[in-house]
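Participant: Provided herewith is a single structure, encoded as structure tokens, for subsequent inquiry.
No lab work stands behind these numbers, since they all come straight from the coordinates. Because the structure is a prediction, the values reported are computed rather than measured. Heads up, the Cβs are rebuilt from the backbone with ideal geometry, glycines too, and the neighbour counts pull from every protein chain shown.
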Amino acid sequence: MASRSVNKVILVGHLGRDAETKFTPSGASMTRFSVATNRRWKDQQTGEWKEETDWANVVLWRAENLAQYLTRGKQVYVEGRLQTRSYDDKDGKKVYATEVVADDVILLSGGGRGDSGPPMPGEDDFSQMASMPRSAQRARAPQSSAPSGPSAPLGGGIGDDDVPF
């Protein structure tokens with residue numbers, strides 16, 4: 001029997017802080033942010049609803065252009081893998097850190113600070129770029145034309161009579 005393993009993480013939550021981008025000495029960008037996910041359950045003994053928040057640290061490589069959109073409070077979908085690394089702190093003690101290394105990040109909602117109105121120019125381009133596989137993002141620059149396809153807003157002569165249900 002072949003041995004298989006899976007290391008896959010999917011998170012849907014809200015950003016806990018604005019994303020920060022730094023660059024390695026070789027020039028690769030590394031964007032870091034945290035995502036809060038909530039779990040709600042009913043306590044069997046008291047009958048009260050309880051809620052618990054878990055925080056996940058996320059690392060996104062080679063996507064420095066996305067950091068400006070990843071601001072505190074916005075809802076995101078993150079898909080990636082868990083990675084644990086270790087380092088020695090200033091006292092020489094070994095410290096372990098577990099984080100999600102993201103392959104895909106999709107902005108799900110405006111939310112966050114300063115969002116009070118229509119989408120900013122280019123926001124649709126960001127949504128399309130963020131929802132594409134990372135390999136395709138590098139090969140494609142954002143387009144300034146209006147979106148098309150299933151995610152395009154209804155309009156352009158399409159009315160209620162055109163919807164099949």
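Participant: For the stretch 1-74, what's the relative contact order in percent, using C-alpha pairs closer than 8 Å and at least 6 residues apart?
Facilitator: 36 percent.
Participant: Something else about it: Compare the peptides 53-59, 90-96, 79-85 by average per-residue count of other Cβ atoms within 10 angstrom and give them in order, highest first.
Facilitator: Highest mean packing first, the order is 53-59, 79-85, 90-96.
Participant: Suppose we look only past 22 Å in the calculated P(r) of the stretch 1-117. What percent of the Cα-Cα pairs does that tail hold? Each step should come with its number before you reach the end.
Facilitator: Numbers: 3184 of 6786 pairs.
That tail contains 47 percent of the Cα-Cα pairs.
Participant: Among the lysines, select those whose C-alpha is under 25 Å from the C-alpha of K42, and discard any that sit fewer than 8 residues away in the same chain.
Facilitator: Once the sequence-local lysines are set aside, what remains near K42 is K50.
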